[in-house]
Amino acid sequence: MTLPTALWTDIALGSLACIILLSESLLGPRLRKAIVFHGAWIGLVLIGILTVCTAPESEQAIGNYLIRPWTIPFRLCFCIAGALSVLLSRNLLSGTGHTHRRGLLVSGGVHIFLIICSTLGMFVVTGAQDLITFLVGIELATIPLYVQAAMLRDDFSSEASAKYLIIGSLSTAFTVFGISYLYGAGNSVHFDTLAQTLTADKHFAWVGVIFVLAGIGFKLSAAPFHMWAPDIYDGAPPPVTAYIASSSKAAGLAGLILLVYGPFQQLGADLENIFMFLAIISMTIGNLGALRQKRFNRFMAWSSVAQIGFVLMALTGGDLAIPSIAFYLLVYIIGNFIAFFVVNCLASNRPETFSNMRGLSKQSPLLALCLLISMFSLAGIPPLGGFFGKFELFLAAAQPGHEHFYLILFAAINAVVSLYYYMIVVKDIYITEPTHADNSTCPAIAILPSQRLTLVVLVIAIIVLGVWPAAHSWIFTLAGS
Amino acid sequence: MEATLTTDILFYLFSAAILGCGLMAVTVKNLLHSAIALMGCLFGTAGLFLLLDHEFVALMQILVYIGGVVIFIIYAVLLTTHLGTRYLPASTLKYISGVTLAAIVLGLVLHIDPQATHTAVNPDRTATTIDAIGYRLLDGSTNGFLIPFEVISVLLLSAMIGAATIAKHQKPGATNDEDETGGSAS
């Protein structure tokens, strides 16, 4: 049995996790800090490059594990989000001479190890060819996050972790229950067999489909499964919040696409209605929730619910759905991380409320500009990447044979609503004058050199993704379109 | 197992045990007693699996549900103050909503076309032995589950290390990393 070249990335990720864990436990303090932190993010970036370099032309299989060409941009997203999350943890690790308002992570090494394990789980999800591997992958992607959410020693962190654990277990229970019905209806756990045996006239199959979709809906925080998101975004440590908001969503979407174009392919037309329903209520509830938030992380949680609505809208479309979602995710991850990098710098010495962000443009023009670009990209304003991301999603939903024009019109209205609340953030950082009470207690904002560099790179990336057509078509080629 | 008079009698015995214990589990006022009734209900289910020649599932039923879940519930009841001795109030509204929910589920189960359920069961599927399950887990072909089996080991490792890390006692005032090198895990 020879190993397919595309499998090297998965093996490399597993090895990287082992190296990080061993360095954390065996090396001396000084060497350890360098290897664990720099080794992890450099390793994840290299694995991202390796993913692209070993991208297979056609499906490559080893036993029951299948590496599909269209999953490559998703895998790239996981690596990028993992590396960014490690970089974002920098000011919460010990030994940087930096202090954070909420203290430092309980163990930086374990935190980084868990990020890599979770990334490996997401890789496994994209390679799954049967429901068992799929479930194990999803669990490996999620269980480390429960622990990571509790990595700060304050009550908010513990509360977020407990809530996430309970909601996460509930969603897993839904998924497993659904899988048992799919197995009963389709007589197999293998995707190829299920694709033929799961037909729309089987009641059993629908029970399974609904429960599995509900389970994944929790992971995606799509409405009506979104109620956990604000509390957990607010309580978890900043790098974990950013990771949950980006990578965990990307993995859920990759899994959803895998199911929709795999075992559920015969259910097409009825599934489209379910996605339309989910898309409409996610957009509406997300937008209404985001309008009235006062704390930045809660605001990001509601905005992510709305963003997922747009992505689900694309899933009602045809062949363009996969590449457009992949492109959108990449842009969304970068835009999200810019916002979280900025807010993490702010949050090191003040609570992350909007009132504390007033006057940011005077205190730190760089951070203010980055946050402005991030908000513009999330709102979908040209020429930034976010505009083309949203544009592609709308285009996918309007594909011939899937013309959901009412849905698109509804989404366009929601995009305008979302513009309003993203602009409120911009107004707070640029226009609203800080009151005396807001400003008097806040010391200067410190940015670590590594984080400043990352921010600049991310801002350049999001502009390039928006204005350079080659970057855009490169992602589409990777996704096999 | 061949269907004989003995297996018929056993089937009705186990079913009666499941129904009786299940009813007890939801009606008994003491939480500890209802946990123990739940245990009986799960034992009955394990017995049904044994009658169907699925010894592995029966074993898992006892190991995971009775040995794991119910014992966990009992621990939680005993460790929580007074939950074992104080009665939890159950209002009429709760009874009504519970009965309604049960009726809806029963209706759904009866509604599902019995013809459709027949396709769910493969008639010539023989009893699965524990050996066969083991071989299938370590089978690297398209029919096996080698990759998930390996991935589970990573999952367990990360879960255990994570749990040990957040459960570790930390001295107040000690900075995070220096505390670890001291090896004062407790």
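Sub-6 Å Cβ pairs linking a first residue in the range B:67-81 that is surrounded by 13 or more Cβ atoms within 10 Å (Cβ to Cβ) to a second residue that is of a type outside the set (Gly, Ala, Ser) and modelled with pLDDT under 80, at least 6 apart or interchain, are B:77/B:83, ordered by first then second residue.
Hey, can you tell me all the residues within the range A:36-60 that are within 14 Å of another protein chain (Cβ to nearest Cβ) and in contact (Cβ under 8 Å) with a residue 12 or more places away in the chain?
Step one: list which residues in the range A:36-60 are within 14 Å of another protein chain (Cβ to nearest Cβ), which gives A:36-37, A:59-60.
Across the range A:36-60, the qualifying residues are A:36, A:37, A:60.
Taken over the range A:408-431, the criterion of being under 21 Å from residue A:362 (Cβ atoms), among the β-branched types (Val, Ile, Thr) and free of Cβ contacts under 8 Å to residues at least 12 places away in the same chain is satisfied by A:431 alone. Residues that are outside any helix (DSSP H, G or I), closer than 16 Å to residue A:275 by Cα and touching a residue at least 40 places away in the same chain (Cβ under 8 Å) do occur in the range A:393-400.
In the set (1) crowded, with 23+ Cβ neighbours inside 10 Å; (2) within 11 Å of chain B (Cβ to nearest Cβ); (3) in contact with a Pro (Cβ under 6 Å, 6 or more places away or on another chain); (4) touching a residue at least 24 places away in the same chain (Cβ under 8 Å), residue A:89 fails one condition alone, (2). Filtered by the rule that a residue be more than 10 Å from every other protein chain (Cβ to nearest Cβ), assigned to a helix (DSSP H, G or I) and over 30 Å from residue A:240 (Cβ atoms), the range A:160-205 gives A:180, A:182, A:191, A:193, A:194, A:195, A:196.
Is the range A:320-343 home to any residue that is touching a helix residue (DSSP H, G or I) at 6+ places or on another chain (Cβ under 9 Å), of a type in the set (S, T, N, Q) and either surrounded by fewer than 23 Cβ atoms within 10 Å (Cβ to Cβ) or not in a helix (DSSP H, G or I) (or both)?
First, the residues of the range A:320-343 that are touching a helix residue (DSSP H, G or I) at 6+ places or on another chain (Cβ under 9 Å): A:320-343.
Remaining after also requiring of a type in the set (S, T, N, Q): A:324, A:336.
Those still in the list that are either surrounded by fewer than 23 Cβ atoms within 10 Å (Cβ to Cβ) or not in a helix (DSSP H, G or I) (or both) too: none.
No, there is no match, as no residue in the range A:320-343 is touching a helix residue (DSSP H, G or I) at 6+ places or on another chain (Cβ under 9 Å), of a type in the set (S, T, N, Q) and either surrounded by fewer than 23 Cβ atoms within 10 Å (Cβ to Cβ) or not in a helix (DSSP H, G or I) (or both).
If you go through the range A:374-387 and keep only what is crowded, with 24+ Cβ neighbours inside 10 Å and not in a loop (DSSP other than H, G, I, E, B), you end up with A:374, A:375, A:377, A:378, A:385, A:386. Suppose the filter is over 26 Å from residue A:288 (Cα atoms) and in contact (Cβ under 8 Å) with a residue 60 or more places away in the chain; does residue A:230 pass it? No; evaluated as a whole, the condition is false for this residue.
Every residue, every condition in (1) at the interface with chain B (Cβ under 7 Å from one of its Cβ atoms); (2) farther than 30 Å from residue A:30 by Cα; (3) free of Cβ contacts under 8 Å to residues at least 12 places away in the same chain, yes or no:
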| residue | (1), (2), (3) |
| --- | --- |
| A:69 | no, yes, no |
| A:98 | no, no, no |
| A:118 | no, no, no |
| A:132 | yes, yes, no |
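When residues in the range A:33-65 are screened for being part of a helix (DSSP H, G or I) and surrounded by 22 or more Cβ atoms within 10 Å (Cβ to Cβ), 8 of them pass. Annotation note: Cβ proximity below 6 Å between a residue of the range A:274-287 that is among the aromatic types (Phe, Trp, Tyr) and a residue that is in a helix (DSSP H, G or I) and at pLDDT 95 or above (sequence gap 6+ or interchain) occurs for no pair.
For the structure I just gave you, tell me whether residue A:74 is more than 14 Å from every other protein chain (Cβ to nearest Cβ) and either hydrophobic (A, V, I, L, M, F, W, C) or buried (at least 24 other Cβ atoms within 10 Å of the Cβ) (or both).
Working: more than 14 Å from every other protein chain (Cβ to nearest Cβ): yes; either hydrophobic (A, V, I, L, M, F, W, C) or buried (at least 24 other Cβ atoms within 10 Å of the Cβ) (or both): yes.
Criteria met by residue A:74.
Any residue at all in the range A:224-233 that's surrounded by fewer than 24 Cβ atoms within 10 Å (Cβ to Cβ), assigned to a helix (DSSP H, G or I) and not hydrophobic (A, V, I, L, M, F, W, C)? Yes. Number of residues in the range A:193-214 that are closer than 22 Å to residue A:64 by Cα, surrounded by fewer than 21 Cβ atoms within 10 Å (Cβ to Cβ) and within 28 Å of the chain's Cα centre (by Cα): the value is 1.
On the stretch given as the range A:263-288, residues that are small (Gly, Ala, Ser), within 22 Å of residue A:215 (Cβ to Cβ) and more than 18 Å from the chain's Cα centre (by Cα) total 1. Among residues of the range A:24-35 being away from chain B (no Cβ under 11 Å) and under 28 Å from the mean Cα position of the chain (by Cα), the one that is farthest from residue A:54 (Cα to Cα) is A:34.
Residue A:257 - would you say it is surrounded by fewer than 24 Cβ atoms within 10 Å (Cβ to Cβ), more than 25 Å from residue A:132 (Cα to Cα) and β-branched (Val, Ile, Thr)? Let's see the steps before the verdict.
Working: surrounded by fewer than 24 Cβ atoms within 10 Å (Cβ to Cβ): yes; more than 25 Å from residue A:132 (Cα to Cα): no; β-branched (Val, Ile, Thr): yes.
So residue A:257 does not fit the description; no.
For residue A:157, the test of being of a type in the set (S, T, N, Q), within 13 Å of chain B (Cβ to nearest Cβ) and either within 17 Å of residue A:243 (Cα to Cα) or not in a helix (DSSP H, G or I) (or both) is passed. For the range A:443-454, the count of residues that are without any contact (Cβ under 8 Å) to a residue 24 or more places away in the chain and within 23 Å of the chain's Cα centre (by Cα) is nonzero.
The values are calculated or read from the model by the stated rules, or taken from the named source; none is laboratory data. On a predicted model such as this, the values are computed, not experimentally measured, just so you know. In this analysis, Cβ positions are derived from the backbone assuming ideal geometry, glycine residues included, and neighbour counts consider all displayed protein chains.
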